[in-house]
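Worksheet: one structure, shown below.
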Amino acid sequence: MDFSFTEEQTLLRNSVEKYLADNYKFEDWRKFTRGDVGRDPKHWSQFAELGLLAAPLPEAYGGLGGDAVSSMIIMQEFGRSLVVEPYVPTVVVGGSVLTHGGSETQKEEWLAKIAAGETIMAFAFAESGGRFNLADLTTTAKKQGSGYVLNGQKSVVIAGPWADQLIVTARTSGGRRDAKGVSVFLVDKKAKGVSVRDFPTVDSSRASEVTFENVEVPADRLIGELDNGLPLIERAVDEAIAATCAEATGAMKVLVDATVEYSKQRKQFGVPIGKFQALQHRMVDMFVNSEQSTSITLMVTLNLGSSDVERKKAASAAKVQIGNSGRFVGQGAVQIHGGMGMTDELNVGHYFKRLTTIDTLYGNVDYHLRRFAALDADKAA
Amino acid sequence: MDISFSPEEEAFRAEVRAFIAEAKTQLPKASVGEPESATRSKEDYLAWHKLLYKKGWVAPLWPKEYGGPGWSVTQRYIFNEECAKAETPVTLPFGLSMVGPVIFTFGSDEQKKKYLPRIMSGEDWWCQGYSEPGSGSDLASLRTRAVRDGDYYIVNGQKTWTTLAQYADWIFCLVRTNPDAKQQEGISFLLIDMKTPGITVKPIIVLDGAHEVNEVFFDNVKVPVANRVGEENKGWTYAKFLLVHERSGIARVAGSKRAVEKLKEIARTELDDGKPLIQTEAFSNKIAELEIELSALEYTELRTLAAESKGKMAGPESSILKIRGTEIQQRITELTEEAVGYYAFPNERRLGSNEYPVGPDYALGVAGRYFNMRKASIYGGSNEIQRNIIAKAVLGL
């Protein structure tokens, strides 16, 4: 049993940590997340230069051949610094669907571009009315000539405004919510018939509502098998969940540390408030939640290569733990910081908000509890 | 034991209902809806106040001689319930429920004449100068200093978390007039004109992007001694009186009931695997738990009101209302945020003012309200402090 990082992994963590400490300060973050663009594009190029975008991708296609542990390390550090750059949609989701579903040509073209920082992808999977069910789709792609024609609408596409490519799920056959009949396309955002409405999000990122109106998609933009895209997407989402859980653990650690520190400084009734047992126990529980979250993030990360059922169970378990713990830690941090925790000026509230959206992303606690329980019953049967 | 209303009370309810229906047609659009709306102007805030004032109903807590409607506790309860059901705006508490009662209970005749009519009419907007950067839960440690200089006090120091001070004409302040006495014994209660030279108001932006609260700085501010309420160094007595008044109505049962109805409407519309979210077991159980807790709180509040109507002042048990009331308010906003799924993400405060909302109308601002409502367990004596009060004063621990 060994949970220690290899030398390479330690180097990776140190380099991300150092880059963010030097270049991704909270005050800068505040400025660029409120600017017109919502991010500072120089960071994406720097991430490419540091090898972060190539880290988990296969060596044969321009990657560095790391595994999910690399993404975990990167995302933990990103979580600590509230990084908004679209690593998960591009490197994790894009990397996953291409690696596991892409043709040789597609891999050669797109994995190399991801690794080099030459493309940004957004993941257009959610639809209004579909909630968290990845197969509940009204967006359709119909065969036309050698390619497809795409029609429909996608909701809250994170990083949509920054992306040049959209990873789109669409129904190519079957009824709404059928597992069979889902296909995955890589759609050029500039293609005729794609329209977007960009907007800021409550966690200081950006997203788009995306409409497809008779968008012609060439055959070489289909990723994986026709009608059999759901397993590919489920795998990509489970990988995205693992990475997002890692981000959440980074955010939770910051909040626990900040709250403990604040409770040592802030005095009321002549003593630091950290001396009050009611607050001590709450902070201990925040710490326990943060540690449990770190553990379950390791669990899911190390099980991404297991059987489909084991992988899904691991991802759902992690998402439930992170959702509950994120809320507990976020709410506790705000509460113990008192009025200060309510301010936009202090970073605490921004971590709390990010942990809130993370609970919803890729399915909330209720959704994953249900999925976990259903998978468990299947196995027993 | 009887929980029914008398025919007179039912007649009163009908009268209130009829008034509200008519009054609502006269309200500007921006004055209705969530109280922290970004587009609400000072006039919008006051629109409901002025309609109630015209009717003579603006100050239910005030005795008749100062212009109150002379309602019984039950009538006040009915009035609040009907207002919440109809989703009317709320009047701001700072003048009507806070400084007003302090002035008519402890103020001089001149003070009553000067301030009360203008609070009632809405001509003067009041804000509350209690908390300071170093004095939150431990309010009595406050350090804003008032030094006597002939007929004036010279005030120096800082208040914070001052709600809507940006609109205020007056601020009621706790200031230290005797630094050598024991903490609670050196405090006085001053009424300060916000136009006095030396006062600076600085906005504090909170989690959902709203400008609700402020810092207020005092730099050699000259305040006439005539603006002191009651005796010098007895301000803590008046402050505590006000805090008790602040707690009445803190349970917000009627408002929470309405908010639960809204949540259920949303959960009936949102789909989960093709069926309404409200039909999924996990979510409907959570709503049920909320409703049950709220129903218990309603009866806890009624018990308090019944005791009050027999002339018994609310005691430290009323901290229960603050604790559970705010926890329920927070839970409702949390579940509403959960109900709308991904459409909680759009930040409508950063959309251009002419842009239509992203997603369904009912999702507008739900995340912001969840974030914003975290304040409820912090303000008005944090819920930790309320638990300390119960531990000490009720359980004798």
- [ ] Test B:Lys202 against the criterion of being free of Cβ contacts under 8 Å to residues at least 12 places away in the same chain, out of contact with any Phe, Trp or Tyr (no Cβ under 6 Å at 6 or more places or on another chain) and on the phi < 0 side of the Ramachandran plot, and give yes or no.
- [x] no
Task: the range B:85-140, residues that are without any contact (Cβ under 8 Å) to a residue 24 or more places away in the chain and surrounded by 21 or more Cβ atoms within 10 Å (Cβ to Cβ) - done: none
Task: Residue identified as surrounded by fewer than 15 Cβ atoms within 10 Å (Cβ to Cβ) and either farther than 30 Å from A:Arg34 by Cα or not aromatic (Phe, Trp, Tyr) (or both) among B:Glu281, B:Glu317 - done: B:Glu281
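I need the full set of residues from the range A:209-253 which are assigned to a strand (DSSP E or B), among the polar types (S, T, N, Q) and in contact with a Ser or Thr (Cβ under 7 Å, 6 or more places away or on another chain), in order please.
Of everything in the range A:209-253, just one residue is assigned to a strand (DSSP E or B), among the polar types (S, T, N, Q) and in contact with a Ser or Thr (Cβ under 7 Å, 6 or more places away or on another chain), namely A:Thr211.
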TODO: Mind listing just one residue for me: the one in the range A:2-57 that is small (Gly, Ala, Ser), under 13 Å from A:Ile73 (Cβ atoms) and in a loop (DSSP other than H, G, I, E, B) and, of those, modelled with the lowest pLDDT?
DONE: A:Ser4
Open item on the list: Is it the case, given these coordinates, that B:Ala226 is closer than 20 Å to B:Asp169 by Cβ and either of a type in the set (Gly, Ala, Ser) or assigned to a helix (DSSP H, G or I) (or both)?
Closed with: yes
TODO: Can you give me the number of residues within the range B:331-355 that are without any contact (Cβ under 8 Å) to a residue 40 or more places away in the chain and in a loop (DSSP other than H, G, I, E, B)?
DONE: 5
- [ ] All but one of (1) in a loop (DSSP other than H, G, I, E, B); (2) buried (at least 20 other Cβ atoms within 10 Å of the Cβ) hold for B:Leu51, so report the exception by its number.
- [x] (1)
Task: Residue match in the range A:126-144 (condition: within 12 Å of chain B (Cβ to nearest Cβ) and among the hydroxyl-bearing types (Ser, Thr, Tyr)) - done: yes
Task: Elements of type helices (runs of 4 or more DSSP H) in the range A:271-381, at least 2 residues being buried (at least 20 other Cβ atoms within 10 Å of the Cβ), touching a residue at least 40 places away in the same chain (Cβ under 8 Å) and of a type in the set (A, V, I, L, M, F, W, C) - done: A:277-302, A:308-337, A:348-360
Open item on the list: Anything in the range B:342-397 that is among the hydrophobic types (A, V, I, L, M, F, W, C), farther than 29 Å from B:Pro316 by Cα and within 8 Å of another protein chain (Cβ to nearest Cβ)? List them, or say none.
Closed with: B:Ala344, B:Phe345, B:Leu351, B:Val358, B:Ala367
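A quick yes/no check of all residues on (1) away from chain A (no Cβ under 14 Å); (2) among the acidic types (Asp, Glu); (3) over 27 Å from A:Asp366 (Cα atoms); (4) part of a helix (DSSP H, G or I):
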site: B:Lys264; (1), (2), (3), (4): yes, no, no, yes
site: B:Ile278; (1), (2), (3), (4): no, no, no, yes
site: B:Glu289; (1), (2), (3), (4): no, yes, no, yes
site: B:Leu297; (1), (2), (3), (4): yes, no, no, yes
site: B:Ala307; (1), (2), (3), (4): yes, no, yes, yes
site: B:Lys312; (1), (2), (3), (4): yes, no, yes, no
site: B:Ile320; (1), (2), (3), (4): yes, no, yes, yes
site: B:Gln329; (1), (2), (3), (4): no, no, no, yes
Task: Condition check for B:Ala393: surrounded by fewer than 17 Cβ atoms within 10 Å (Cβ to Cβ), more than 29 Å from A:Arg370 (Cα to Cα) and free of Cβ contacts under 8 Å to residues at least 24 places away in the same chain - done: no
TODO: Give the number of residues within the range A:169-197 that are under 30 Å from B:Tyr370 (Cβ atoms) and over 19 Å from the mean Cα position of the chain (by Cα).
DONE: 3
Task: Test set (1) within 13 Å of another protein chain (Cβ to nearest Cβ); (2) within 10 Å of the chain's Cα centre (by Cα) - A:Ser263 fails condition number - done: (2)
TODO: Please enumerate the residues belonging to the range A:320-365 that are within 11 Å of another protein chain (Cβ to nearest Cβ), over 14 Å from A:Glu247 (Cα atoms) and of a type in the set (A, V, I, L, M).
DONE: A:Ala333, A:Val334, A:Ile336, A:Met340, A:Met342, A:Leu346, A:Val348, A:Val365
Open item on the list: Pairs please, first residue from the range B:215-227 and of a type in the set (Gly, Ala, Ser), second anywhere and assigned to a helix (DSSP H, G or I), Cβ atoms under 6 Å, 6+ apart in sequence or on different chains.
Closed with: none
Task: Of all residues in the range B:113-137 being in a loop (DSSP other than H, G, I, E, B), under 20 Å from the mean Cα position of the chain (by Cα) and within 14 Å of chain A (Cβ to nearest Cβ), the one that is nearest to B:Val58 (Cα to Cα) - done: B:Tyr130
Task: In the range B:141-163, the residues that are within 14 Å of chain A (Cβ to nearest Cβ) and surrounded by 15 or more Cβ atoms within 10 Å (Cβ to Cβ) - done: B:Ser141, B:Leu142, B:Gln158, B:Lys159, B:Thr160, B:Trp161, B:Thr162, B:Thr163
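Kindly provide the set of residues from the range B:38-77 that are without any contact (Cβ under 8 Å) to a residue 12 or more places away in the chain and either among the hydroxyl-bearing types (Ser, Thr, Tyr) or touching a strand residue (DSSP E or B) at 6+ places or on another chain (Cβ under 9 Å) (or both), ordered by number.
The first filter runs over the range B:38-77 and keeps only residues without any contact (Cβ under 8 Å) to a residue 12 or more places away in the chain, leaving B:40-41, B:54, B:64-65, B:68, B:70-71.
If the condition is that a residue be without any contact (Cβ under 8 Å) to a residue 12 or more places away in the chain and either among the hydroxyl-bearing types (Ser, Thr, Tyr) or touching a strand residue (DSSP E or B) at 6+ places or on another chain (Cβ under 9 Å) (or both), then B:Ser41 is the only one that fits.
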Task: Residue among B:Glu338, B:Glu327, B:Glu348 that alone is in contact with a Lys or Arg (Cβ under 9 Å, 6 or more places away or on another chain) and not basic (Lys, Arg) - done: B:Glu338
Task: Residue tally, condition modelled with pLDDT under 90 and touching a Cys at 6+ places or on another chain (Cβ under 9 Å), over the range B:209-254 - done: 1
- [ ] Hey, could you check the range A:145-161 for residues that are farther than 20 Å from A:Lys190 by Cβ and within 14 Å of chain B (Cβ to nearest Cβ) and say which is surrounded by the most Cβ atoms within 10 Å (Cβ to Cβ)?
- [x] A:Val156
Open item on the list: Can you tell me which of (1) surrounded by fewer than 16 Cβ atoms within 10 Å (Cβ to Cβ); (2) in contact with a Leu (Cβ under 8 Å, 6 or more places away or on another chain); (3) of a type in the set (Gly, Ala, Ser) is the one B:Ala226 doesn't meet?
Closed with: (2)
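The values are calculated or read from the model by the stated rules, or taken from the named source; none is laboratory data. Predicted model, so just to flag it, every value in this text is computed and none were measured. Cβ coordinates were reconstructed from backbone atoms using ideal geometry, including for glycine residues, and neighbour counts include every protein chain displayed.
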